[in-house]
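Engineer: What follows is a structure written as structure tokens; I'll ask about it next.
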């Protein structure tokens with residue numbers, strides 16, 4: 001992933017794209033997954049040549065400061081300016097607001113509650129806010145049930161359920177109910193009785209229907225003990241069979257701990273509706289998981305759900321963050337307009353650079369053909385038509401190399417340009433290829449993996 005100097009040079013349009021850092025990144029760090037978020041925001045800020053100043057959540061100040069300390073020494077020894085990675089040692093709301101509004105702040109990366117994200121957007125600075133998740137995992141009747149349940153429990157218990165992309169509910173079809181229950185128990189899940197659900201609800205959820213910060217990131221036996229119930233010491237997750245979603249069912253919220261709601265539905269249509277209810281109760285725009293061998297059902301879910309990451313047949317914790325899927329690797333997941341966020345992307349270093357464009361004059365004939373190509377490309381993209389051959393263009397800025405270097409990032413626009421120009425794109429083995437780029441390249445040979 002290139003973030004320095006010339007990013008792309010298009011001989012056809014005679015446009016050169018140049019990376020420019022944004023400046024100081026004001027990184028607001030939450031208490032739920034503080035160390036991983038701090039490390040990730042530092043990495044992407046510095047990768048994009050920005051300084052990073054962190055505002056830690058008061059309850060996680062110690063571990064965030066320690067994370068910055070661990071990174072700071074080696075980074076400075078490697079050449080990073082000593083004041084390019086800093087963390088506020090005294091944390092107040094007023095201090096965070098001043099950081100976000102500061103004259104030298106170029107962009108804000110805000111992870112936290114809805115109020116914090118809104119404050120970031122109202123600061124007068126460019127901001128990337130990311131919203132909460134209330135991720136349902138739907139197990140459809142055609143799913144590989146043992147694999148699906150293992151993924152769900154593994155995802156839910158990773159880091160004790162603190163990732164916003166971790167599964168919060170299991171929704172399964174009635175025909176496979178018994179098999180799903182058996183697999184949940186096999187993987188360390190403990191199904192609670194109604195009195196136990198009530199006791200755990202009082203511990204895990206506050207009267208305001210928010211996750212109790214004292215329980216966030218705690219193991220299942222610890223939570224059970226706090227609730228006054230006994231579970232086997234090897235219990236990995238507490239599972240609560242529920243009849244509905246909303247204030248009357250406290251464990252239907254995002255819990256940020258190894259506690260799962262459990263629902264049974266008649267078929268995928270009813271499952272679709274239950275997942276919608278869960279998403280609207282605190283997870284709009286974030287992530288949904290589905291386990292199925294029926295691709296028509298998977299695509300129906302993708303078309304209908306108000307989320308920007310539909311993760312199929314893998315755990316949502318690692319799938320949404322790009323570890324087990326082709327999504328861009330990220331620990332900051334945008335929730336788009338559904339949740340009042342500026343982007344639905346996985347936030348990467350590319351979001352922390354601006355792009356300057358050097359545009360050379362085109363000869364009159366080339367201008368006409370270039371405009372024709374742009375109109376054709378626009379129509380192809382919007383109307384789904386086949387790629388059209390490009391008109392002959394102007395001479396290149398400089399003699400083209402015999403073999404262009406392999407790239408580390410490929411977007412849909414890159415693929416469509418290559419298709420119009422009748423050329424291939426050499427891709428490094430570790431390159432990030434966006435899902436839209438993969439779709440645009442499907443069925444062709446436009447992407448050539450280096451070394452294959």
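The values are calculated or read from the model by the stated rules, or taken from the named source; none is laboratory data. Source: prediction; values computed, not measured. So basically every Cβ, Gly included, is an ideal-geometry build from the backbone, and we count neighbours across all protein chains shown.
Engineer: In region 161-179, what residues are part of a helix (DSSP H, G or I), surrounded by 18 or more Cβ atoms within 10 Å (Cβ to Cβ) and at pLDDT 95 or above? Break it down stepwise before answering.
Structural biologist: Narrowing region 161-179 to residues part of a helix (DSSP H, G or I): 161, 174-179.
Checking which are surrounded by 18 or more Cβ atoms within 10 Å (Cβ to Cβ) leaves us with 161, 176.
Residue satisfying the conditions is 176 alone.
Engineer: So for region 274-287 (the condition being buried (at least 19 other Cβ atoms within 10 Å of the Cβ), at pLDDT 95 or above, more than 24 Å from the chain's Cα centre (by Cα) and not in a helix (DSSP H, G or I)), does at least one residue qualify?
Structural biologist: no
Engineer: Can you tell me which residue among 62, 73, 115, 79 is under 21 Å from the mean Cα position of the chain (by Cα) and free of Cβ contacts under 8 Å to residues at least 12 places away in the same chain?
Structural biologist: Values: 62 fails: under 21 Å from the mean Cα position of the chain (by Cα); 73 fails: under 21 Å from the mean Cα position of the chain (by Cα); 79 fails: under 21 Å from the mean Cα position of the chain (by Cα).
Within the list 62, 73, 115, 79, the selection yields 115.
Engineer: A further question on this structure: Scan region 196-218 residue by residue and report those that are without any contact (Cβ under 8 Å) to a residue 12 or more places away in the chain and more than 24 Å from residue 159 (Cβ to Cβ). It would help to see each step written out before you state the result.
Structural biologist: Step one: list which residues in region 196-218 are without any contact (Cβ under 8 Å) to a residue 12 or more places away in the chain, which gives 198, 206-208, 212, 214.
Residues satisfying the conditions are 198, 207, 208.
Engineer: In region 309-329, how many residues are crowded, with 19+ Cβ neighbours inside 10 Å and closer than 17 Å to residue 111 by Cα?
Structural biologist: Residues meeting the conditions: 3.
Engineer: Of the residues 385, 444, which single one is at pLDDT below 70 and surrounded by fewer than 17 Cβ atoms within 10 Å (Cβ to Cβ)?
Structural biologist: It is 385.
Engineer: Restricting the search to region 12-39, which residues are modelled with pLDDT under 95, under 18 Å from residue 129 (Cα atoms) and part of a loop (DSSP other than H, G, I, E, B)?
Structural biologist: Result: 30, 31, 32, 33.
Engineer: A further question follows. Check whether at least one residue in region 289-305 is assigned to a loop (DSSP other than H, G, I, E, B), over 15 Å from the mean Cα position of the chain (by Cα) and free of Cβ contacts under 8 Å to residues at least 60 places away in the same chain, and report yes or no. Talk me through it step by step, then tell me what you get.
Structural biologist: Our first condition is that a residue be assigned to a loop (DSSP other than H, G, I, E, B); within region 289-305, this holds for 292-294, 305.
Next cut, over 15 Å from the mean Cα position of the chain (by Cα) only: 292-294, 305.
Within this subset, residues satisfying the condition of being free of Cβ contacts under 8 Å to residues at least 60 places away in the same chain are 305.
Yes.
Engineer: Would you check if residue 270 is outside any loop (DSSP other than H, G, I, E, B) and either over 25 Å from the mean Cα position of the chain (by Cα) or on the phi > 0 side of the Ramachandran plot (or both)? Walk me through how you get there before you give the answer.
Structural biologist: Working: outside any loop (DSSP other than H, G, I, E, B): yes; either over 25 Å from the mean Cα position of the chain (by Cα) or on the phi > 0 side of the Ramachandran plot (or both): yes.
So residue 270 passes the test.
Engineer: Continuing with the same structure: Name the one entry in 106, 113, 124, 102 that is surrounded by fewer than 24 Cβ atoms within 10 Å (Cβ to Cβ), modelled with pLDDT of 95 or more and not assigned by TED's automatic domain parsing to the domain that holds residue 278.
Structural biologist: On inspection, the qualifying residue turns out to be 106.
Engineer: Look at residue 238 and say whether it is in a helix (DSSP H, G or I), outside the structural domain of residue 33 (by TED's automatic domain parsing) and at pLDDT 95 or above.
Structural biologist: Values: in a helix (DSSP H, G or I): no; outside the structural domain of residue 33 (by TED's automatic domain parsing): yes; at pLDDT 95 or above: yes.
No; evaluated as a whole, the condition is false for this residue.
Engineer: If I filter region 40-49 for residues that are in a loop (DSSP other than H, G, I, E, B) and in contact with a helix residue (DSSP H, G or I) (Cβ under 6 Å, 6 or more places away or on another chain), do I get at least one hit? Before the answer, list the steps.
Structural biologist: The initial filter retains those residues of region 40-49 that are in a loop (DSSP other than H, G, I, E, B), namely 48-49.
Checking the rest, the ones that are also in contact with a helix residue (DSSP H, G or I) (Cβ under 6 Å, 6 or more places away or on another chain) come to 48.
The answer is yes; a qualifying residue exists.
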